[in-house]
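**Student:** Before I ask anything, let me first share the structure, which is written out below as structure tokens.
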Amino acid sequence: MPRSLSGRSFLKLLDFSTEEIQYLLQLSKDFKNLKRAGVPHKYLSGKNIVLLFEKTSTRTRCSFEVAGNDLGMGVTYLDPGSSQMGKKESLEDTAKVLGRMYDGIEYRGFDQKIVEDLAKHAGVPVWNGLTTDFHPTQMLADVLTIEENFGHYKGLKMVFMGDARNNVANSLMVVSAKLGINFVACGPKANMPDKKLVETCKKIAKENGCTITLTDNVKEGTKNADVIYTDIWVSMGEPAELWEKRIKLLKPFQVNEAVMKNANKDAIFLHCLPSFHDLETTVGQEIYEKFGLKEMEVTDKVFRSSQSKVFDEAENRMHTIKAVMYATLK
Ligand code: CP
Ligand code: NVA
């Protein structure tokens, strides 16, 4: 049993020990069982939380809202553009004000430094709902989904395909190192994770008996993989002009049937979502008109296949976020 997480912020997984991450996963399973059995769990009734979003969201926002309500808490949502932070009021002052009214603060936005500074000044737990560098709550849902499919995660091989220097890829590398999962970043040399972060993760991985590999060889990278993971090619906050360059650079790393065939027979496909796997979005349609591409980081066939566990993964966002809030606020 790790030391209590009560009062801690959840900013990046590098701040948490293997045992603490395992504890959060166990708690997530417990909450999922309670929810499935219809057992009320308003353990945090009387508390209030605020969700500060400087970027858009479906899953993360809804997970925090539903989890907050299930735990009996009051929830305030501040959408991108509707708070004073950064425009008319400093981050420090905003953090101090919110900390006087709320028991916990979720932040989604830009630099990792913003969420770290919020936590420094708020005096209450702050949870990172995605920054440019990391997406730590996503990782708990991903590992929970892996565990549900394989019965364990230690020793498995997980391959991230595509823009391997983004927030999701960075966080997957960290969580893999912490939990003993062999991690492969499979993408172009120009889009590999930050060297310093790779070195840090390699050290952690060594302690936990697993490996971190960077490769631009799809065949080698995905061979014997248990989990194939991808994410959109242009992240929130990046300029739309990047699409052309990224399509050229990342098309060879698209998750398609050949990739899934090269992986283990019982391999699963994961994606944090949202995903461009068809033409049913305005951005997808625009890309098609400009570049003639009908599907991007993953083909529609793989996305809809039985190997794809993306909607279990999306549901698990809620159970895992509930665990993080409960553990840090109880
Ligand atoms: N995966 C994820 O964070 O989704 P949203 O952007 O919809 O929150
Ligand atoms: N890398 C993506 C993740 C979205 C959940 C982004 O930052 O837009």
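Each value in this text was obtained by applying a stated rule to the coordinates, not by laboratory testing. No experiment lies behind these values; they were computed from the predicted model shown. For neighbour counting, all protein chains shown are included, and Cβ atoms are generated from backbone atoms with ideal geometry for every residue, glycine included.
**Student:** Just to check, using Stokes-Einstein with a Kirkwood Rh over alpha carbon pairs, what's the diffusion coefficient of the stretch 83-213 at 37 °C and 0.692 mPa s in µm²/s?
**Tutor:** 204
**Student:** At a Förster distance of 22 Å, what's the computed FRET efficiency of Lys113 paired with Glu238, Cβ-Cβ distance as r, to 0.05?
**Tutor:** Plugging the Cβ-Cβ distance into 1/(1 + (r/R0)^6) gives 0.75.
**Student:** Among Cys210, Cys62, which comes first, second and so on when ranked by fewest other beta-carbon atoms within 10 Å?
**Tutor:** Ordered by Cβ neighbours within 10 Å, fewest first: Cys62, Cys210.
**Student:** What value, in deg cm²/dmol to 500, does the helix sum -39500 (n - 2.57) over DSSP H runs of n ≥ 4 give at 222 nm once divided by the residues of the chain?
**Tutor:** Result for the chain: -14000 deg cm²/dmol, rounded to the nearest 500.
**Student:** Taking 4 °C and 1.567 mPa s as the conditions, I'd like the Stokes-Einstein D for the stretch 171-210 in µm²/s, using the Kirkwood hydrodynamic radius from alpha carbon pairs.
**Tutor:** My calculation gives 127 µm²/s for D.
**Student:** When DSSP assigns beta bridges and you keep just the ones with both residues in the chain, what percent turn out antiparallel, to the nearest 5?
**Tutor:** In the chain, DSSP labels about 0 percent of beta bridges as antiparallel.
**Student:** Provide the three semi-axes, in whole Å and in decreasing order, of the ellipsoid equivalent to the stretch 231-330 as defined by the square roots of 5 times the Cα gyration tensor eigenvalues.
**Tutor:** Over the Cα atoms of the stretch 231-330, the semi-axes work out to 27, 20, 12 Å.
**Student:** So what is the relative contact order of the stretch 143-201, in percent, for Cα pairs below 8 Å that sit 6 or more residues apart?
**Tutor:** It rounds to 38 percent for the stretch 143-201.
**Student:** Rounded to a whole number of µm²/s, how large is the Stokes-Einstein D of the chain at 25 °C and 0.890 mPa s, given Rh as the Kirkwood radius over C-alpha pairs?
**Tutor:** The Stokes-Einstein estimate is 122 µm²/s.
**Student:** For the chain, which span is the longest to avoid every loop-located (per DSSP) member of GluC sites (Glu not before Pro) having at most 13 other Cβ atoms inside 10 Å?
**Tutor:** After excluding every exposed loop site, the longest remaining stretch is 1-240.
**Student:** Oh, and also: Percentage of Cα-Cα pair distances in the stretch 162-290 greater than 19 Å, rounded to whole percent?
**Tutor:** Tail of P(r) above 19 Å: 51 percent of Cα pairs.
**Student:** In addition: Under the 0.36 nm per residue contour assumption, what length would be gained going from the current alpha-carbon distance of Glu89 and Asp312 to full extension?
**Tutor:** Result for the pair: 76.3 nm of gain on full extension.
**Student:** Past 25 Å, Cα to Cα: identify those pairs from Lys29/Lys178; Lys202/Lys309; Lys261/Lys290, in the order given.
**Tutor:** Lys202/Lys309; Lys261/Lys290
**Student:** Considering the chain as a Gaussian network with a 10 Å cut-off on Cα pairs, which listed residue, Ser275, Ser90, Ser28, attains the greatest mean-square fluctuation?
**Tutor:** Checking each option, the largest mean-square fluctuation is seen for Ser90.
**Student:** Please give the Cα centre distance for the stretch 194-243 versus the stretch 25-100, rounded to the nearest Å.
**Tutor:** Between the Cα centre of the stretch 194-243 and that of the stretch 25-100, the gap is 29 Å.
**Student:** Provide the gained length on full extension for the span Asp300 to Lys245, in nm with one decimal, where the gain is 0.36 nm per separating residue minus the Cα-Cα distance.
**Tutor:** Full extension of this stretch gives 17.6 nm more.
**Student:** If you don't mind, there's one more thing I want to ask. With no solvent and one point on each alpha carbon, what is the Debye value of log10 I(q)/I(0) for the stretch 54-122 at q = 0.28 Å⁻¹?
**Tutor:** At q = 0.28 Å⁻¹ the computed log10 ratios are -1.44.
**Student:** For Cα pairs less than 8 Å apart in space and 6+ apart in sequence, what is the mean separation divided by the residue count of the chain, i.e. the relative contact order in percent?
**Tutor:** Taking the mean separation of contacting Cα pairs over the length of the chain, I get 20 percent.
**Student:** Now for a different question. Can you check what the Kirkwood hydrodynamic radius comes to for the stretch 13-58, Cα pairs only, in Å to one decimal?
**Tutor:** 13.6
**Student:** In terms of Cα to Cα distance under 21 Å, which lysines are near enough to Lys87, apart from those fewer than 8 places away along the same chain?
**Tutor:** List returned: Lys55, Lys96, Lys113, Lys120.
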